[in-house]
Amino acid sequence: MAKTIIISNRLPVQLQISNGTISAIPSVGGLATGMKSVHSGGDSLWIGWSGLTDEETPEELESQIDNALAEHGSSKVKLTQKEVDGFYYGFSNRTVWPLFHYFLEYSEFEWESWEIYKSVNQKFADAILDNTNNDDVIWVHDYQLMLVPQMVREKRPNVSIGFFLHIPFPSFEIFRTLPWRKEILSGLLGSDLIGFHTYDYERHFLSSVRRLLGLEVSFNDIYLDDRVIKVDSFPMGIDYKKFNEAAMEHAQRDESQKSELQKRLDTHKESTPDAKFFLSIDRLDYTKGIAKRLNAFEYFLNKYPQYKEKVRLIILAVPSRSNVPQYQLLKKEIDELVGRINGELSTVSWTPIWYFYRSMPFDNLIDLYTTCDIAWLTPIRDGMNLVAKEYIATRTDKTGVLILSEMAGSANEMNESLLINPNNFEQIADTLDRAINMPQEEQQQRNSVLQKRLERYNVEKWANDFMNSLLNQKEKDRTYISRRLSVDLMNTVMKKYVSSKKRLVFLDYDGTLADFHKDPQMAKPDEQLYKLLDEIAAQENTDMYLISGRDKETFTKWFMHKGYNMIVEHGVWISQNGEDFRMLEKVKKDWMEKIHPVLDSFVDRTPGSFIEEKNYSLAWHYRKTDPDFGQKRAVELNTVLTSLIANDDLSVLNGNKVMEIKSSNVNKGRASMRVFSEHDYDFVFAIGDDWTDEFMFQELPEDAITVKVGRQKTHAKYFVDNTKNVRDILGRFADMH
Ligand code: ADP
Ligand code: G6P
C-alpha cells in the first residue's frame, strides 16, 4: 500500500541516553510540533535524525533506539559528530538560517560545511530510497534538506515529491549572496510541489528561479525539462482541537489537580488582582527579537510609569542550537538584560520579569497560555510563528490580547491581533498600553474571528491541502505534457513522410527555426537554415510554409528571394511560390490609434521594452526588461487591454516575452486551415514554440503531426527541447531518411 514518507532533520522526539537507558523527549519548534499531529493521524513513516551522534550511541543500544523511534512511527538517519557539526550547526544554522532570516552579517560561507551539507543530504536521500516504493509520496521538510528532492528524483524519476519550507524565503537580493544559490534552487526543483507559508516567500522564490536559473515561470508553475513544478503558499495551522480542549480541561481542574506552576501563577494573580501578565514564548533565537522585547519593555515602563507593579513579563526561552556562537552570545545578552532590568526596577513586592530558560511540558505551556492576559510575540523575522496561534486557541472564554510582529508569517492571517513593527519602541509601548485597556468585548470580538479561522484552517487541513495539491500536480504533469519526439517516433514520422503523396509542412520562425535574440532583427536566418529549407522546398509534392507573427517586410527581405511559401503577421498575409504577399484575411487597423498610446505609456514605465508596429498588429516586446518587472507589467497590460478591447473584434496574444494585439479573426490556426483545404494532403506537419502556434496545433486535423519546441503546456502531440532538435528534424526531411 502507498504510504507517505515524511522527512525532516528533527523527528517528533529527541532521544537521550543517561545511565544506559534511552528516553524520548518531544521536540520543540514549529515543524516537529505541527507535523506530529499530521503524522499520528495517518499512515506515514517519519525519517530524521534521532538527536544522538554515532559517537554517543553504544552499539548495543542500536536496536533499542530503533524500537524507541518505531514507537513514534519514525526511523533514523545516523550522523557522526563531524556531520552534525558541519551539516546542522554549520551550513544549516550558520549559513542558511541567518541568511534566510535577513541576518546577512551572521551568515558564514564555508566550503567545508557546504560539502558536509551535501553529503548529509545524500544520506537522507538514501534513507528515503531504502524505505520507499515508486507509488509512495515523499514529503521533505525545511531548510536542512534542500538538496534532497533532486537527489531522490535522480534515482526515482516518477515518484511524487513535495517540499515545504518552514522558514522565510528571502528576497533575490539576499538569496543571491549565497555562493551555492544555484545548487540550492536545483535541489529544490527536484520536487513536484514546493510549499511556503506565505505568498511573499513564494514570490521571492519564483523571482530567484527566474533570475538565477533563467527558467520559464508561468504564474506559479516552473517549467524544467519535461516536468512542471508547482509553487504555492500553504500557511501552516495548528492542532486547534488539542490546544482548545487542553485549555478547557485546565479550566475545570480543582486545586489538587493543578500544576505547581499554575498554583504559583494563581497566587500572584490573587495578590494583585488588577495586574496584567505579559507572555513571551520562543526558542532562544536571535530572529525572535527577545533582547529587543526586553529593551522595549523597559522603554514602556519608563514611558508609562503608572504600570510599575501592575504588569509582569513572563519570558520563556527554550534552549536551542547552543553550539552556535551567535546563540551563546544571545543567551549571555538576555541573561544580562533580565538581570539589569530586574535589578533597576524591582521593588520588595514586584519583580517585573520572570525568566525561564528551559523547555516545558505541554501541560505547563497551557498553564501559561491560559493565565496570561497579553501574549507579546514580536519576532524580528519568523517564517510563521505557531505560538501566536496556540495562544489564541487556548483562550476558551475568548479574552486575551495578542500583540504580534508584522514580520511573522502568521501576521498575514491574524489581522485581528494588534500588529506592530518590532523595531518601533514607541508603537510597542503604546500598543501595550492599548492592550492593557482593551475592553473585554473588543477582545472577545477579535478573538472569536481569529478562533474561527484557526479552527477551520488547522494543521490537518494544511497537510491535506498540501497533499491534494501534490497529487493533482502529478496528475496534471502526466496529462498536459506531450510526448518527447524520440528517435523511434521520428523514424515512424519519416516512414509516413517518405510514403505520402502530398505533404504540407508548417514551420514557425522565432524560437523554432532560430533562437531568440534581444533585438528581433538580429535573429536572422543562417546559411545552414537556408540550405535545409532550400532542400525541403525543392522536394516534389511538398508544400513548405514559414508561418510567423513577423511583419511582411522582414520576411520579404529574408526569404522572398528564395521563393518559399510564407504566412506572416499571424495569418494576415500570404505569399506562395515567390509571388507578392496578398491578404489572406480582411482586417481593420483603425483600432491602432486607440491602443498605441496605451502601449507607449507602458514603454515609458518599463525600461527595456519596446513596441513593434506591424501592418495589422501592434506588439509590445519585453524580453530585454528585468524578468520579474517585465512579467508584472505584462499582467498589468493584459488587464488594461482586456477592458479596452472588450467591444472591438480584437484579441491579445501572449507570446514568448511579447504581447501582441491584433484582429480576432486572424490567427495561425485559421491561416493554416485555409492552406490545408487547398489540396488533398496526406501528411501534415506543424512545429512552433509559443502560444500563437497553439492555434495551429488545435485546429489542424487529428492526424497532423504537431510538435512543440520546449516543454510548456501544449496542445501539440509531441515536443522537442530546442532549436537544435528542430534542425535535426529538418535535416531528416531534407534527406528523406
Ligand atoms: P519555531 O518553529 O521557530 O521554534 P514556532 O512558534 O512556529 O517557532 O513553533 C514553536 C513550537 O514549539 C510551538 O508549537 C510551541 O508549542 C513549541 N514550544 C515553544 N516553547 C516550548 C516550550 N518551552 N516547551 C515545549 N514546547 C514549546
Ligand atoms: C524552526 C525550523 C525547524 C526546526 C525548529 C527547531 O521551526 O523551521 O526546522 O526544527 O526551528 O530548531 P532545531 O534546530 O532545534 O531543530
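The values are calculated or read from the model by the stated rules, or taken from the named source; none is laboratory data. Not measured: the values here are computed from a predicted model. Positions of Cβ are generated from backbone atoms using ideal geometry, with glycine treated the same way; all protein chains shown enter the neighbour counts. Heads up: the accessible areas ignore ligands, DNA and RNA and are worked out on the full protein's heavy atoms, side chains in. Shrake-Rupley method; radii C 1.70, N 1.55, O 1.52, S 1.80 Å.
Of all residues in the range 7-20, those being within 22 Å of Asn468 (Cβ to Cβ) and more than 16 Å from ligand 1 (Cβ to nearest atom) number 1. Counting the residues of the range 307-326 that are within 16 Å of ligand 1 (Cβ to nearest atom) and either in contact with an Asp or Glu (Cβ under 8 Å, 6 or more places away or on another chain) or outside the structural domain of Lys269 (by TED's automatic domain parsing) (or both) gives 5. Screening Tyr223, Tyr286, Tyr304 for residues that are within 16 Å of ligand 1 (Cβ to nearest atom) and among the hydroxyl-bearing types (Ser, Thr, Tyr) leaves exactly one candidate, Tyr286. Looking at the range 382-394, which of its residues are assigned to a loop (DSSP other than H, G, I, E, B) and away from ligand 2 (no atom under 16 Å from the Cβ)? Listed by number, the list holds a single entry, Thr394. Of all the numbered requirements in (1) at positive phi; (2) touching a helix residue (DSSP H, G or I) at 6+ places or on another chain (Cβ under 6 Å), Asp225 misses one, and that requirement is (2). Strands (runs of 3 or more DSSP E) fully within the range 270-381 that include at least 3 residues being within 16 Å of ligand 2 (Cβ to nearest atom): 276-283, 311-318. From the list Asn412, Asn342, the lone residue that is within 22 Å of Phe425 (Cα to Cα), in the same structural domain as Glu249 (by TED's automatic domain parsing), in contact with a helix residue (DSSP H, G or I) (Cβ under 9 Å, 6 or more places away or on another chain) and open to solvent by 10 Å² or more (accessible area, probe 1.4 Å) is Asn412. Taken over the range 395-409, the criterion of being surrounded by fewer than 24 Cβ atoms within 10 Å (Cβ to Cβ) and within 16 Å of ligand 2 (Cβ to nearest atom) is satisfied by Met407 alone.
Listed by first and then second residue, the pairs linking a residue in the range 21-46 that is more than 14 Å from Phe362 (Cβ to Cβ) to a residue that is near ligand 1 (Cβ under 9 Å from one of its atoms) and in a helix (DSSP H, G or I), with Cβ atoms under 6 Å apart and 6 or more places separating them unless they lie on different chains, are Gly30/Leu386. Answer yes or no: is there a residue in the range 84-105 that is more than 16 Å from ligand 1 (Cβ to nearest atom), farther than 24 Å from Ala463 by Cα, without any contact (Cβ under 8 Å) to a residue 24 or more places away in the chain and open to solvent by 60 Å² or more (accessible area, probe 1.4 Å). Yes, there is a match, as at least one residue in the range 84-105 is more than 16 Å from ligand 1 (Cβ to nearest atom), farther than 24 Å from Ala463 by Cα, without any contact (Cβ under 8 Å) to a residue 24 or more places away in the chain and open to solvent by 60 Å² or more (accessible area, probe 1.4 Å).
Residue by residue, here is whether (1) open to solvent by 10 Å² or more (accessible area, probe 1.4 Å); (2) within 16 Å of ligand 1 (Cβ to nearest atom) holds:
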{"site": "Gln328", "(1), (2)": "yes, no"}
{"site": "Glu336", "(1), (2)": "yes, no"}
{"site": "Thr351", "(1), (2)": "yes, no"}
{"site": "Tyr357", "(1), (2)": "yes, yes"}
{"site": "Pro361", "(1), (2)": "yes, yes"}
{"site": "Ile374", "(1), (2)": "no, no"}
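Checking each residue in the range 46-83 for being more than 16 Å from ligand 2 (Cβ to nearest atom), closer than 16 Å to Asn9 by Cβ and under 30 Å from the mean Cα position of the chain (by Cα) picks out Ser75, Lys78. Among the residues making up the range 13-45, those that are outside any helix (DSSP H, G or I) and within 13 Å of ligand 2 (Cβ to nearest atom) are Val13, Gln14, Ile25, Pro26, Ser27, Val28, Gly29. Taking the listed residues Lys496, Lys518, Lys501, Lys524, the one that is touching a helix residue (DSSP H, G or I) at 6+ places or on another chain (Cβ under 9 Å), in the same structural domain as Arg711 (by TED's automatic domain parsing), charged (D, E, K, R) and open to solvent by 80 Å² or more (accessible area, probe 1.4 Å) is Lys524, with no other qualifying. In this entry, Leu419 is excluded by the filter for residues that are open to solvent by 20 Å² or more (accessible area, probe 1.4 Å), within 13 Å of ligand 1 (Cβ to nearest atom) and at pLDDT 95 or above. Of all residues in the range 544-562, those satisfying the criterion of being open to solvent by less than 30 Å² (accessible area, probe 1.4 Å), out of contact with any Pro (no Cβ under 6 Å at 6 or more places or on another chain) and of a type outside the set (S, T, N, Q) are Met544, Tyr545, Leu546, Ile547, Gly549, Arg550, Asp551, Phe555, Phe559.
Pull up the range 159-201, narrow it to residues that are aliphatic (A, V, I, L, M) and more than 16 Å from ligand 2 (Cβ to nearest atom), then point me to the one that is most open to solvent (accessible area, probe 1.4 Å). Step by step, filter the range 159-201, then rank; the result is Ile174. Selection of the range 464-493 for residues being surrounded by 12 or more Cβ atoms within 10 Å (Cβ to Cβ) and among the acidic types (Asp, Glu) yields Asp465, Asp477. The sole residue among Ile567, Ile574, Ile595, Ile611 that is modelled with pLDDT of 90 or more, assigned to a strand (DSSP E or B) and not assigned by TED's automatic domain parsing to the domain that holds Asp526 is Ile611.
Of the helices (runs of 4 or more DSSP H) lying entirely inside the range 637-737, those containing at least 1 residues that are of a type in the set (Ser, Thr, Tyr) and open to solvent by 10 Å² or more (accessible area, probe 1.4 Å) are 723-735. The set of residues in the range 1-12 that are open to solvent by less than 40 Å² (accessible area, probe 1.4 Å) and either more than 25 Å from Asp130 (Cα to Cα) or within 15 Å of ligand 2 (Cβ to nearest atom) (or both) comprises Ile6, Ile7, Ser8, Asn9, Leu11, Pro12. The single condition among (1) surrounded by fewer than 20 Cβ atoms within 10 Å (Cβ to Cβ); (2) out of contact with any strand residue (DSSP E or B) (no Cβ under 6 Å at 6 or more places or on another chain); (3) free of Cβ contacts under 8 Å to residues at least 40 places away in the same chain that Asn615 does not meet is (3).
Checked against (1) under 23 Å from Arg550 (Cβ atoms); (2) outside any helix (DSSP H, G or I); (3) open to solvent by 30 Å² or more (accessible area, probe 1.4 Å), Thr625 passes all but a single condition, namely (3).
For the range 46-67, taking the residues that are within 17 Å of Tyr88 (Cβ to Cβ) and in a helix (DSSP H, G or I), the one that is nearest to ligand 1 (Cβ to nearest atom) is identified as Glu56. Taking the listed residues Ser23, Ser40, the one that is surrounded by fewer than 19 Cβ atoms within 10 Å (Cβ to Cβ), within 16 Å of ligand 1 (Cβ to nearest atom) and under 32 Å from the mean Cα position of the chain (by Cα) is Ser40, with no other qualifying. Residues that are farther than 24 Å from Tyr718 by Cβ and not β-branched (Val, Ile, Thr) within the range 658-673 comprise Met659, Glu660, Lys662, Ser663, Ser664, Asn665, listed in sequence order.
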